[in-house]
């Protein structure tokens, strides 16, 4: 069974998903960060595939993308690094990134490599739903990969229902209208939006992303969804880290238990 | 409104389809955060554009504010030189100095009808930024223009014009700090301000419906060419229409009413920079592959790994790593022929027009003029060159070659 599906069968609260950019801070940090995440008790690891033009991302993640590219990261290098990943890492792994590098790699080739190294799903924010259903979904299904879609406070109910139909694993609930790394904290407006979505009885669990950075925001988000995603703040932790393993373990402990 | 009414002209081979594609190119490759805004435009743009009061206001401003129709000028000495009949479509005489204002007027009228009271735009050379700041001043709307930090330094006069017009010019400091990055920042601004802001894209790029919407606002260029040619020559169709292509808005406007007139040869001039094999070029169809940037699938200059490559051209307005999806389709289908014109060739053509006709063209438009020497048009043929902008902004560059 897909590891994301399996996770949510046994755990539906306080699920912690950490985003980091492949090849950042240095090219070969990808596997050490994954191992540290598992050791620290993260539930899902989301690996960013760096891109030259990440329009949905704020400054922190943009810079990590640029540094990773300058370090020599590419999909080819990433799949090399992830070979043998499943001998060491058992938590679900998601690849997140923009569609163009995936298109150039070739959809079938990409999905095949994902299956080979043991990736469980994808977040491709600029892949439209119609194109996904017509051209991509059959290939994703063939290789046992789940595609995770985003919803925002502006996404209509009809569209959320359609996203719920074609999503797998979970739905990425963007907390507010912004690029990544902009917001902080959870407002009354956000609470109303989370409650509205919770009342819809969707088949997929939700993880809240954007604005989650510490124990307080993580705990709060977990009251309204199955858990939360931390991206920009974790990149800042990695940027300042003197020892990846120690600092990752310490940060995740601080998020989980305060 | 039915979908057939929505997509009038869909029976033609070169019109956008209901999903926003021209052949294999187009679509709306956008993050969910932009979806409500883009969908609002998709569902409303044609209906608004077709409203009588919109058309009345649009046509009135084009005539009395922009100065349309722009002349179709028979260039006698240039025609003698190339032994054919050359007409220049004088978009350089538009208010603000280029064709860009046709689109910004259309989009600001649309934005007002959508209830938006803030405008964001990107600009490369500053022409679109000035055209946007101009219509924002005209309509009393708040205006923010993103411009690459490097472009801000090399296009100081246009930065000053935008500021005088009341716009806030924000430097794009990410990536290569030029047009591509200014577009990224404008998109991010729109993501962060989804409710009250309209994004005025300056070219036939971006997610559907932008390429079609901008082409429609620029189509006045070919509409006028047809009636002016009929009046002057007794025939609506020329043998050739030549235009430069960065993103491709002036070319889309100049080609629009000739797309299905297959006897009219459509010629696009891309910026070859130092030459297409120099590594310093912006000739997208020569160097690019299908890819996705800024919300649509098109031809894109990129590495083998799908990272966008930084283009290079003497002309800031053509310094873009992609082309609009309509142009990708015209290239892919063979409907238009593409040339890559080097920096040096464009400067020569700029000086030639200045000396023969007393008209200083924008360096962008000089790329289109450079194609004349490759055309070998017959003495009885008619060639229309879209002179998309005037060269005042480029004087410092021209002076280096004097």
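Structural remarks
- Check on residue A:160, in a helix (DSSP H, G or I) and within 14 Å of another protein chain (Cβ to nearest Cβ): yes
- Residues satisfying the stated conditions in the stretch B:16-50, i.e. in a loop (DSSP other than H, G, I, E, B) and either out of contact with any helix residue (DSSP H, G or I) (no Cβ under 8 Å at 6 or more places or on another chain) or closer than 29 Å to residue A:210 by Cα (or both): B:17, B:27, B:28, B:29, B:30, B:31
- Residue check for residue A:90: at pLDDT 95 or above, away from chain B (no Cβ under 13 Å) and in a helix (DSSP H, G or I): no
- For the condition more than 14 Å from chain A (Cβ to nearest Cβ), touching a residue at least 12 places away in the same chain (Cβ under 8 Å), touching a helix residue (DSSP H, G or I) at 6+ places or on another chain (Cβ under 8 Å) and more than 18 Å from residue B:111 (Cβ to Cβ), residue B:217 does not qualify.
- Elements of type helices (runs of 4 or more DSSP H) in the stretch B:99-201, at least 3 residues being out of contact with any helix residue (DSSP H, G or I) (no Cβ under 6 Å at 6 or more places or on another chain) and modelled with pLDDT under 95: B:149-154, B:179-192
- Count - residues of the stretch A:100-115 that are over 16 Å from residue A:73 (Cα atoms), out of contact with any helix residue (DSSP H, G or I) (no Cβ under 7 Å at 6 or more places or on another chain) and within 14 Å of chain B (Cβ to nearest Cβ): 3
- Scanning the stretch B:25-72 for residues that are within 14 Å of another protein chain (Cβ to nearest Cβ) and more than 30 Å from residue A:123 (Cβ to Cβ) returns no hits.
- Matching option when the condition is at positive phi and in contact with a strand residue (DSSP E or B) (Cβ under 8 Å, 6 or more places away or on another chain), among B:246, B:253, B:306: B:306
- Conditions (1) within 11 Å of chain B (Cβ to nearest Cβ); (2) surrounded by fewer than 18 Cβ atoms within 10 Å (Cβ to Cβ); (3) in contact with a helix residue (DSSP H, G or I) (Cβ under 8 Å, 6 or more places away or on another chain); number of the one not met by residue A:118: (1)
- With respect to the conditions (1) within 14 Å of chain A (Cβ to nearest Cβ); (2) more than 25 Å from residue B:185 (Cβ to Cβ), residue B:306 lacks only one, and its number is (2).
- Within the option set B:238, B:157, being surrounded by fewer than 20 Cβ atoms within 10 Å (Cβ to Cβ) and over 14 Å from the mean Cα position of the chain (by Cα) holds for one residue only, B:157.
The values are calculated or read from the model by the stated rules, or taken from the named source; none is laboratory data. Quick caveat, the model's predicted, so the values are computed rather than measured. We place every Cβ from the backbone using ideal geometry, glycine too, and count neighbours over all the protein chains shown.
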